[in-house]
Amino acid sequence: PEANIGVVGLAVMGANLARNLASREGNRVAVVNRSPERTRTLVDAHPEANFVPAESMAEFAASLTRPRTAIIMVQAGSATDAVIQELAAVFEPGDIIIDGGNAQFTDTIRREHEMRQRGLHFVGAGISGGEEGALNGPSIMPGGSDEAYATVGPIFESIAARADDGEPCVTHVGSDGSGHFVKMVHNGIEYADMQLIAESYDLLRRVGGLEPAEIADVFAEWNTGELDSYLIEITGEVLKQIDTRTGRPFVDVVLDQAGQKGTGTWTVQSALTLGTPISGIAEAVFARGLSSHPEQRLSGARLAGPSTSVELEDRDAFVEDVRQALYASKIVAYSQGFDVIRTAARQYGWRIDPSAIAKIWRAGCIIQARFLGRIADAYRADADLVALVTAPFFADATGRAQDSWRRVVSTAALAGVPAPGFGSSLAYYDGLRATRLPAALIQGQRDYFGAHTYRRVDGPGVFHTEWSGDRSETQISE
Ligand code: NBP
């Protein structure tokens with residue numbers, strides 16, 4: 001045996017991760033792929049990597065030093081299960097199987113359990129950053145046993161992205177499915193972030209009257225301040241792009257139907273199951289859904305819009321309002337994302353440090369942003385923070401932004417420009433702020449039609465009112 005780490009699955013992600021591993025001091029990388037042509041192509045194209053190629057799982061296992069450590073990078077779902085079974089058949093107790101794909105965290109919990117029964121370690125590692133990240137340094141979110149992490153931690157640290165302070169963007173998230181859960185929520189937050197940026201663009205264009213190239217400049221400017229992030233940066237680049245075929249702005253020749261691969265939906269499904277409101281992320285997933293229903297949109301195009309148009313008094317002030325609305329809504333999206341991570345941690349028995357998660361998202365991943373450092377600070381100062389938005393720094397930021405935020409949401413409504421991300425984030429903020437919610441009335445309705453009972457504000461006990469009788473109140477229990 002000569003390789004200390006192996007990669008199974010050599011499509012774009014696996015090939016790039018294998019090259020990243022091979023470029024680090026002390027690593028020798030074994031590679032294998034279902035169709036051997038892919039292995040040969042990679043090995044031939046990258047002699048500098050000094051790969052140890054294998055054409056079968058048995059050969060792959062024989063090329064690895066103990067404990068054998070292999071990262072699977074194949075299509076999520078049944079392909080991953082198939083490869084795990086093949087590896088388990090040739091690996092021995094104490095060996096480590098890592099799934100670096102975008103697995104459902106519930107699959108990871110099941111797989112970890114199955115492998116543990118066979119004496120094998122199973123690590124579900126979320127890897128973010130796309131092809132580029134895999135090659136040059138991703139953000140890595142591994143979940144698994146402490147014993148497995150002792151071996152895989154240093155390997156991950158060697159290939160992970162580095163934050164500005166030099167810290168590698170990897171941490172032992174927790175046990176079994178925790179890494180894939182956190183990666184899933186990362187993607188959910190990514191959906192929200194993208195939707196909010198898209199709403200900003202739409203408002204600047206349709207209400208502010210700015211051209212794509214001008215909006216690109218606005219984003220470039222925003223990227224020098226508190227919104228500094230990878231997504232803001234690339235949005236500016238996309239808006240600057242001119243279509244070579246037509247000479248029109250690139251954004252105008254792209255079909256306006258947003259695709260999705262499922263992690264946003266999974267995040268919302270998990271949050272629904274856990275009863276945690278992540279309305280910003282949900283609106284982002286639904287907005288992509290609405291965009292990709294052309295027949296509904298075609299018939300909807302007949303619906304009436306506002307009877308008067310919105311005239312801006314001060315365009316620069318509107319641009320600044322949109323910036324503030326974007327920042328405040330983004331804070332809400334991250335607050336909701338961390339909320340669902342904390343709820344899941346309680347539900348599944350994971351010990352997750354939210355501060356460590358914020359830190360490993362500072363580089364390498366799609367949502368990397370300057371303000372993640374602030375999130376890390378907030379959770380370091382108070383690990384039991386019930387809602388990120390209420391931490392002093394973020395309460396102050398949203399407080400300062402709220403007037404702008406309200407103007408933008410109302411302007412969008414008056415202009416007939418959809419801004420579901422902005423609107424729902426503001427509603428969440430106001431919901432959190434409210435000292436009284438109309439939930440009291442809902443309790444009354446529930447008690448009326450279903451005898452679901454209610455509690456009172458002025459003392460303990462559970463009560464029911466005889467709605468169909470004399471409307472007297474009965475105490476049901478203490
Ligand atoms: P794909 O998701 O396109 O999967 C292709 C790989 O899966 C090939 O190596 C293919 O082998 C292998 N495979 C399949 Br399909 N079925 C198999 C089976 N039954 N047994 C063995 N191997 C099988 O590759 P990718 O885009 O590189 O992504 C890899 C993983 O990383 C996925 O889970 C993805 O969700 C995740 N991810 C991707 C990105 C991204 O930006 N693309 C980012 C983050 C995470 P073959 O060559 O023989 O067909």
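Being among the polar types (S, T, N, Q) and more than 30 Å from Q257 (Cβ to Cβ) is not true of S307. The set of residues from the stretch 93-106 being within 22 Å of the chain's Cα centre (by Cα), away from the ligand (no atom under 11 Å from the Cβ) and crowded, with 19+ Cβ neighbours inside 10 Å comprises I98, F105. Identify, please: which residue in the stretch 446-459 is of a type outside the set (A, V, I, L, M) and part of a loop (DSSP other than H, G, I, E, B) and is, among those, surrounded by the fewest Cβ atoms within 10 Å (Cβ to Cβ)? Ranking the candidates gives D458 first. Considering only residues in the stretch 225-244 that are among the hydrophobic types (A, V, I, L, M, F, W, C) and within 16 Å of the ligand (Cβ to nearest atom), the one that is nearest to the chain's Cα centre (by Cα) turns out to be L231.
Applying a threshold of 7 Å to beta carbon distances and a minimum spacing of six or more residues, or different chains, the list of pairs starting in the stretch 302-321 at a residue that is assigned to a loop (DSSP other than H, G, I, E, B) and ending at one that is of a type in the set (F, W, Y) reads L312/F318.
Just to check your reading of the model, which residue among Q443, Q475 is without any contact (Cβ under 8 Å) to a residue 40 or more places away in the chain and either outside any helix (DSSP H, G or I) or open to solvent by less than 20 Å² (accessible area, probe 1.4 Å) (or both)? Show your work before the answer.
Numbers: Q443 fails: either outside any helix (DSSP H, G or I) or open to solvent by less than 20 Å² (accessible area, probe 1.4 Å) (or both).
Answer to the selection: Q475.
Residue-wise test of (1) open to solvent by 40 Å² or more (accessible area, probe 1.4 Å); (2) within 16 Å of the ligand (Cβ to nearest atom); (3) aliphatic (A, V, I, L, M).
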site: R38; (1), (2), (3): yes, yes, no
site: P67; (1), (2), (3): yes, no, no
site: Q85; (1), (2), (3): yes, yes, no
site: R111; (1), (2), (3): no, yes, no
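Here the stretch 258-306 is the region considered, the condition is being among the small types (G, A, S) and within 14 Å of the chain's Cα centre (by Cα), and the residue that is nearest to F422 (Cα to Cα) is G280. Close contacts from the stretch 112-129, counting a first residue that is at positive phi and a second that is within 16 Å of the ligand (Cβ to nearest atom) and open to solvent by 10 Å² or more (accessible area, probe 1.4 Å), with Cβ to Cβ under 6 Å and a gap of 6+ residues or different chains, come to G129/G364. Residues that are buried (at least 16 other Cβ atoms within 10 Å of the Cβ) and under 26 Å from A345 (Cβ atoms) were ranked within the stretch 245-273; the one that is farthest from the ligand (Cβ to nearest atom) is A271.
When you go through V43, V7 one by one, which is the residue that is touching a residue at least 24 places away in the same chain (Cβ under 8 Å), of a type in the set (V, I, T) and surrounded by 13 or more Cβ atoms within 10 Å (Cβ to Cβ)? Quick ask: steps written out before the conclusion?
Details: V43 fails: touching a residue at least 24 places away in the same chain (Cβ under 8 Å).
Going through V43, V7 in turn, just one is touching a residue at least 24 places away in the same chain (Cβ under 8 Å), of a type in the set (V, I, T) and surrounded by 13 or more Cβ atoms within 10 Å (Cβ to Cβ): V7.
How about the stretch 21-36: which of its residues are within 13 Å of the ligand (Cβ to nearest atom) and assigned to a helix (DSSP H, G or I)?
Taking the stretch 21-36 and keeping what is within 13 Å of the ligand (Cβ to nearest atom), we get 31-36.
Answer for the stretch 21-36, where residues must be within 13 Å of the ligand (Cβ to nearest atom) and assigned to a helix (DSSP H, G or I): just P36.
When E320 is tested against the conditions (1) open to solvent by 20 Å² or more (accessible area, probe 1.4 Å); (2) under 23 Å from the mean Cα position of the chain (by Cα); (3) of a type outside the set (A, V, I, L, M, F, W, C), the lone failure is (2). Among the residues of the stretch 312-342, those that are more than 23 Å from V182 (Cα to Cα) and of a type outside the set (A, V, I, L, M, F, W, C) comprise E313, D314, R315, D316, E320, D321, R323, Q324. The residues listed here are V74, V31, V12; of these, the one that is under 24 Å from A150 (Cα atoms) and in contact with a helix residue (DSSP H, G or I) (Cβ under 9 Å, 6 or more places away or on another chain) is V31.
The rows are residues; the columns are (1) surrounded by fewer than 22 Cβ atoms within 10 Å (Cβ to Cβ); (2) under 20 Å from the mean Cα position of the chain (by Cα); (3) within 15 Å of the ligand (Cβ to nearest atom); (4) over 20 Å from V12 (Cβ atoms).
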| residue | (1), (2), (3), (4) |
| --- | --- |
| T108 | no, yes, yes, yes |
| R116 | yes, no, no, yes |
| G119 | yes, no, no, yes |
| G124 | no, yes, yes, yes |
| S128 | no, yes, yes, no |
| P138 | no, yes, yes, no |
| A148 | no, no, no, yes |
| T151 | yes, no, no, yes |
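Among the residues of the stretch 460-472, those identified as at negative phi and either surrounded by fewer than 11 Cβ atoms within 10 Å (Cβ to Cβ) or at pLDDT below 95 (or both) are P460, S468, G469, D470, S472.
Among the residues of the stretch 72-80, is there at least one that is away from the ligand (no atom under 11 Å from the Cβ), open to solvent by 20 Å² or more (accessible area, probe 1.4 Å) and either in a helix (DSSP H, G or I) or closer than 16 Å to V152 by Cβ (or both)? Show your work before the answer.
Within the stretch 72-80, the subset away from the ligand (no atom under 11 Å from the Cβ) is none.
Looking for residues that are away from the ligand (no atom under 11 Å from the Cβ), open to solvent by 20 Å² or more (accessible area, probe 1.4 Å) and either in a helix (DSSP H, G or I) or closer than 16 Å to V152 by Cβ (or both), one finds none in the stretch 72-80, hence no.
The values are calculated or read from the model by the stated rules, or taken from the named source; none is laboratory data. Keep in mind the model is a prediction, meaning the values are calculated, not measured. Neighbour counts run over all protein chains shown; Cβ positions are idealised from the backbone, glycine included. The protein model used for the area step is the full one, side chains on, heavy atoms only, and it has no ligands, DNA or RNA in it. Shrake-Rupley method; radii C 1.70, N 1.55, O 1.52, S 1.80 Å.
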